[in-house]
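Asks: Got a structure for you, questions after.
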Amino acid sequence: MCMKPVILVLGLVAALASPAGAASNVGVDVNINVGTPPPPPPPPPPMVVSPPTVVVQGPPVFVMPPSLGFYVAVGVPYDIFFVGGQYYLYQGNSWYRAPYYNGPWGAVPYKRLPPGLRKHKYDRIVYYRDQEYRVYRDEHEHYRGKQFKPDKEWKEHGKAEKEQRKEEKKWEKEEKKEHKKHGKHDD
């Protein structure tokens, strides 16, 4: 038997039994575990991320910066992109997808984004969007770039959407070849 715990307990008993110890309102909680460690604390509850709410007064204008190859919303306080017939939103370091420019939004893992969107870093997308927006704003009525507004049927929009899907399929095919070539598999 080890003497240190016995001496410690005896010292505590003596201190509490003395008149100074009794008058000082000192409490001691001795918890001795022998053999098994205490159970770990319960895990924290899972974080629930609610889909973002996008509120805009009307359908935003989307322009296509030539450097990107997909549409970006301009004149709204959101980072909304239109790629392959779907809308994508970047907010709070997360990506979301929706069938309409105003939702409903569902979370999308980065590796599930269209290749055209993944091809560019977020800060470059914002840079090209802002650059094209300045051109659109300055030349408004005479703007020659590709643009569309979701509530209007634009011939050019339909053509651009087909071109976009064609390019997306090409990128996906090339990406699969690269993965296969390097022995990588997407799980």
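The values are calculated or read from the model by the stated rules, or taken from the named source; none is laboratory data. Small disclaimer: the values here were computed from a predicted structure and weren't measured. So basically every Cβ, Gly included, is an ideal-geometry build from the backbone, and we count neighbours across all protein chains shown. In case anyone asks, the SASA skips ligands and DNA or RNA and just uses the protein heavy atoms, side chains included. Shrake-Rupley method; radii C 1.70, N 1.55, O 1.52, S 1.80 Å.
Asks: Across the range 108-114, in residue order, what do the Karplus-derived ³J(HN,Hα) couplings come to in whole Hz, using 6.51 cos²θ - 1.76 cosθ + 1.60 with θ = phi - 60° and x for Gly and Pro?
Replies: My calculation for the range 108-114 gives 10, x, 3, 6, 9, 6, x Hz in order.
Asks: Sticking with this one: Could you give the length gained on full extension between HIS120 and LYS181, defined as 0.36 nm per residue of separation minus the Cα-Cα distance, in nm?
Replies: 19.7 nm
Asks: Here's something else I'd like to know. Can you list the residues of the range 73-114 with backbone N under 13 Å from a point 7 Å past the Cα of TYR143, pointing along Cα to Cβ?
Replies: Within reach of a label on TYR143, which here means backbone N under 13 Å from a point 7 Å along Cα→Cβ, the range 73-114 contributes 73-76.
Asks: Computed FRET efficiency, Cβ-Cβ of TYR110 and THR53, R0 25 Å: what is it to the nearest 0.05?
Replies: According to the calculation, E is roughly 0.70.
Asks: Using a probe radius of 1.4 Å on heavy atoms only, what accessible surface per residue do you get for the range 78-120? Whole Å² is fine.
Replies: It amounts to 45 Å² per residue over the range 78-120.
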